[in-house]
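Coordinate-derived values only; no laboratory data. Since we're looking at a predicted model, the values are computed, not measured. Every residue, glycine as well, gets a Cβ built from its backbone with ideal geometry; the counts of neighbours run over all protein chains shown.
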Amino acid sequence: MSRTMRMLLVAALVGPGLALGGGTAVAGPKKPPVYKNCAAMNAVHPHGVAKYGAADKVRGKTKPVTTFTVITAIYLANTHLDRDRDGVACEKR
């Protein structure tokens, strides 16, 4: 493969700014937010955040919360907020 063909291939895959030495950069994946407490998390996710496949653990006749947001990356960054270790952080009705 010729040098010109390689340059065109790189430009197509990476983008014209990077292939030609421009200042354009591709941002990496964002880190999930880490919340200080449940009040901060519930301000953004009103019913809490869970990892995939989690179910709210309850006692007695209380119905489990099922309206939480399922985002495993955010849950894993905030496991310190899951007191009962059921896979749902800051569950709230």
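For this structure, a couple of remarks:
- Cα gyration tensor category, rounded, prolate or oblate, for the range 43-83 with a/c compared to 1.5: prolate
- Placing +1 on each Lys and Arg Cβ and -1 on each Asp and Glu Cβ, with no other charges, gives the range 31-81 a dipole about its Cα centre of roughly 160 debye.
- Less than 5 angstrom separates the built amide H of residue 70 from those of 50, all sequence-distant by 5 or more or on a different chain.
- FRET efficiency for the pair residue 72 and residue 27, taken as 1/(1 + (r/R0)^6) with r the Cβ-Cβ distance and R0 = 22 Å, rounds to 0.55.
- The length gained on full extension between residue 93 and residue 55, counted as 0.36 nm times the residue separation minus their Cα-Cα distance, comes to 12.3 nm.
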